[in-house]
């Protein structure tokens, strides 16, 4: 087969045996020869295709280890209620009213991304806000965190939620001073009271929406991802069937590692499917569990009170005994487990469950993941290292919500050590970073930027001792990220025999001024030797 040879590049290979190069070749979707122009051309065979990189920067393709690509695809079909598109509740209501007037859906209005902490009103939506738009058609709006939702009276009726409805385990129906539901539902168990009655997106919907979502990921240099909650909100069957169809037709432009909710995963385990089952393009991944919620939603489980709400520390989603049981079950089956935990009390609970499971069956090779892990203590870091747990830190929180964490939610002392990257690095703990899309836009370069700078929107540095170098930040999206799916022998570096996934950038994140990393442009993204995105091309 005719090889493609790339010359005159500025390569950072992430391969310690050959850290830099100026040329490489690709054959059958894999890297072949890497080195200088003369060496690569000599090994390329007759009449190779030549691509002149003209000095541009080349890195391995970015691997995003925690996000929700299939759910992000669905949010693109909803009303945009994010603070990126709205400054106030009035703006959000105007968009919802416009969606209603457009008449696209006369049975349900859905929105995504409202964030009370970033609106000028500084308050949650309520059913009266939404009833003012329409009261006889259900309205359902997700909070940006994904852990809260807002509904109108019609949606409350759909879920049979009244003044007398008890709070479900692990969730809360917010109520006013008279005990009436306000329309705010907190955590999945409460959200699902209404969500269970919403139509589940079918395969056709995903077949339309997923390619658009993948294109957005490719534009940021992402070549692989962990889709981190397959089965949430009833979207499991439709999303998996769409992924399989896209894979079969060669249209899967982001290699995907499916992280599946535990109760949905059980049906696959019964058929003998475990993490690792699949192909280089689409594989089953971790079992997903949740143990708390969102810090800015005041539903993360903390050891000490919230700074702005004395006496309140949030709640664990599961009793310790139930978490211990589930973790032990999947651990003893040899399954990788990924558990959502933001607050330090939830992190403590999760690590304890892993420790107890490891006492039953000693195995530190499963690379369990602790997702978000924002308030990990020094003791937590040491215990995770001992167990082989890989935390994936939600680093972009520091920029988008850091000022509010500092002054409102957890106070200066705890905010300064959120996402303790520097300490994790010093202790030799492998970790990755993520954007948790659609909570925040997919953005590997912004994650790297925030890991290196740790500045809030207002320019305050949160925890100078937790800053890491650009190279160490880059590892979290390449070599270390590949370890999370047990694929470090296939991806994460530019080396002979590895998958030809790479990104071409306008500048090098290792050499530009630290404050400019987020401004670097992705010029081209290549998956398996095929260009899936090129700047200024349709």
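Nothing in this text is a laboratory measurement; each read-out follows from the coordinates by a stated rule. Everything numeric in this text was worked out from a predicted model, so none of it was measured. Neighbour counts run over all protein chains shown; Cβ positions are idealised from the backbone, glycine included.
Among 68, 147, which comes first, then next, by fewest other beta-carbon atoms within 10 Å?
Neighbour counts put them in this order, fewest first: 68, 147.
In nm, to one decimal, how far is the residue 107 label point from the residue 359 one, both placed 7 Å along Cα→Cβ?
5.2
Quick check on the exposure proxy: order 476, 208, 82 from fewest to most C-beta atoms within 10 angstrom. Don't jump to the answer; show the numbers that get you there.
Working: 476 27, 208 13, 82 20.
Arranged by neighbour count, lowest to highest, 476, 208, 82 become 208, 82, 476.
Could you tell me what a quarter of the Cα convex hull surface of segment 241-292 works out to, in nm² with one decimal place?
Mean orientational projected area (segment 241-292, Cα hull): 4.2 nm².
With label points built 7 Å along Cα→Cβ from the Cα atoms of residue 458 and residue 215, find their separation and express it in nm.
4.0
If one takes the longest principal axis of the Cα atoms in the chain, at what angle in degrees, from 0 to 90 and to the nearest 10, does the Cα axis of helix 344-360 lie?
Its long axis makes an angle of about 70 degrees.
With a Förster radius of 51 Å, plug the Cβ-Cβ distance of residue 531 and residue 178 into 1/(1 + (r/R0)^6) and report the FRET value to the nearest 0.05.
So the FRET efficiency works out to roughly 0.25.
For q values of 0.22 Å⁻¹, compute log₁₀ I(q)/I(0) with the Debye formula on a Cα-only model of segment 188-243, without solvent.
-0.91
Using a simple spin-label model with points 7 Å from Cα along the Cα→Cβ vector, what separation in nm is obtained for residue 320 and residue 510?
It is 4.6 nm.
List the relative contact order of the chain as a percent without decimals, with contacts defined as Cα pairs under 8 Å and 6+ residues apart.
Averaging sequence separation for qualifying contacts and normalising by length gives 16 percent for the chain.
Between residue 519 and residue 163, 0.36 nm times their residue separation minus their Cα-Cα distance comes to what?
Contour length minus the Cα-Cα distance gives 123.1 nm.
Which percent of the Cα-Cα distances in the chain go past 29 Å?
On the way: 75726 of 144453 pairs.
Percentage above 29 Å: 52.
For 392, 365, what's the fewest-to-most ordering of other Cβ within 10 Å of each Cβ?
Ranking 392, 365 by Cβ neighbours within 10 Å, fewest first, gives 365, 392.
Could you give the spread of the C-alpha atoms of segment 32-112 along their three principal axes, from largest to smallest, in whole angstroms?
Principal axes ranked by extent give 64, 26, 25 Å for the Cα atoms.
Run through all the Cα pairs of segment 118-273 and give the fraction in each 10 Å bin from 0, expressed as whole percent.
Histogramming segment 118-273 at 10 Å steps yields 10, 32, 29, 22, 7, 0 percent.
To the nearest µm²/s, what D does Stokes-Einstein give for segment 291-465 at 20 °C and 1.002 mPa s, using the Kirkwood radius over alpha carbon pairs as Rh? Before the final figure, lay out each step's value.
Details: Rh = 16.3 Å.
Answer from the Stokes-Einstein relation: 132 µm²/s.
Given axes a ≥ b ≥ c from the Cα gyration tensor, I'd like to know whether segment 491-538 is rounded (a/c under 1.5), prolate (a/b larger than b/c) or oblate.
Oblate.
Just to confirm the number: angle between the C-alpha axis of helix 203-219 and the first principal axis of the chain, 0 to 90 degrees, nearest 10?
Taking the Cα atoms of the chain, the angle to 203-219 is about 60 degrees.
Using just the helices of the chain, give the 222 nm mean residue ellipticity in deg cm²/dmol: DSSP H runs with n ≥ 4 each add -39,500 (n - 2.57), and the total is spread over all residues, rounded to 500.
Helix-only estimate at 222 nm: -8500 deg cm²/dmol.
Note the direction-averaged projected area, equal to a quarter of the hull surface, for the Cα convex hull of segment 75-195, in nm².
The number I arrive at for segment 75-195 is 6.9 nm².
Under 1.5 on a/c is rounded, so check that first for segment 415-538, then, if it is not, pick prolate when a/b is larger than b/c and oblate when it is not; a ≥ b ≥ c are the square roots of the alpha carbon gyration tensor eigenvalues.
Because a/c hits 1.5 or more and a/b fails to exceed b/c, segment 415-538 counts as oblate.
At q = 0.26 Å⁻¹, work out log10 I(q)/I(0) for segment 402-481 with the Debye formula, treating every Cα as an identical point scatterer and leaving solvent out; two decimals please.
-1.33
Distance from the Cα centre of segment 409-472 to that of segment 136-214, in angstrom?
Going from one Cα centre to the other spans 31 Å.
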